Structures are given as C-alpha cells and as structure tokens.
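**Q** Could you have a look at this structure, given as structure tokens, before my questions?
FYI, it's all coordinate maths here, none of it is from the lab. Computed from a prediction, not measured in an experiment: that's the story for all the values here. Positions of Cβ are backbone-derived with ideal geometry, glycine not excepted, and every protein chain shown enters the neighbour counts.
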C-alpha cells in the first residue's frame, strides 16, 4: 500500500518535472517576451501589423465621443468605452462601417513589468504605445 502511494507520488513528480522542463516552461520569460513585443511596435502600424508583431491583445477598448455639460455648455469629449475581450473577427467590419471613428485601444499584459497599451485612430493605425500602470510601478520594480 505504501509502495503504491510512493510510486504514484514519484510518477506524478516525474510528470510535473517533465512537463515543466521538457515542455519549455522553465525557459519561458513573459517579461522578456512582452518587452520584445513592445520593442517591435511603432506608431503608424496598422492593427494587423501590431497583432503580427505582438500577438493578440488580452483586451480591446473603444474610444467614444460623448457630450458632457461643462460650465453650463455641452462639449464633446472623448471617453473610453468598456474593456472587452479581444475578438479579431469583429474589427475589420467595425472599422469599415465607422464604428471606431474615434479610435480604440489594444491592451497587452505579459507580466507586471511588461504591460502596455497601443492606441489606434479610427482607421486602425497606431498613434501611441504606452505602459499600463501595474503593481510593478507601485513597488518601483519596472525596468
């Protein structure tokens, strides 16, 4: 009975060890991957080029134009929409019909040290690449 339990425990350990080291997880560095992805991006790239260079973003956020009353006058201001999971198949049609006339944002989070967003204009061209605040900023750990 004890021999069987020890055998199962050793086999389980071997499986985890094999998966971790032989499966490539031991060498995976999400921070390095994220920093390489960010370095490959440039303003002016299309949203397709950004995805080709950095992969699919985790989240997508449209930019909307809304009217707000400021000092008694209604003024149009840009306002960020809700962050939603990224769905690549919806973007081309929405850009073509003007749904993102004021732009949109891709959010990438590889690790606390490598988290950034790419802002796009209404035509789907990158206008800004900037870091996203994370716990690493609070603890002054971002490289």
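**Q** Rounded to the nearest 5, what is the percent of antiparallel bridges among the DSSP beta bridges in the stretch 33-112?
**A** Once the DSSP bridges in the stretch 33-112 are tallied, antiparallel ones form about 100 percent.
**Q** Sort 31, 7 by Cβ crowding within 10 Å, fewest neighbours at the top.
**A** If I rank by nearby Cβ atoms, fewest first, I get 7, 31.
**Q** Quote the FRET efficiency, to the nearest 0.05, computed for residue 7 versus residue 28 with a Förster distance R0 of 30 Å and r equal to the Cβ-Cβ distance.
**A** 0.50
**Q** What does the extension gain come out to for residue 65 and residue 97, with contour length at 0.36 nm per residue minus their alpha carbon separation?
**A** Answer, rounded to one decimal: 9.9 nm.
**Q** By how many nm would the segment from residue 128 to residue 42 lengthen if fully extended, with 0.36 nm per residue of separation less the alpha-carbon distance?
**A** Value of the extension gain: 30.1 nm.
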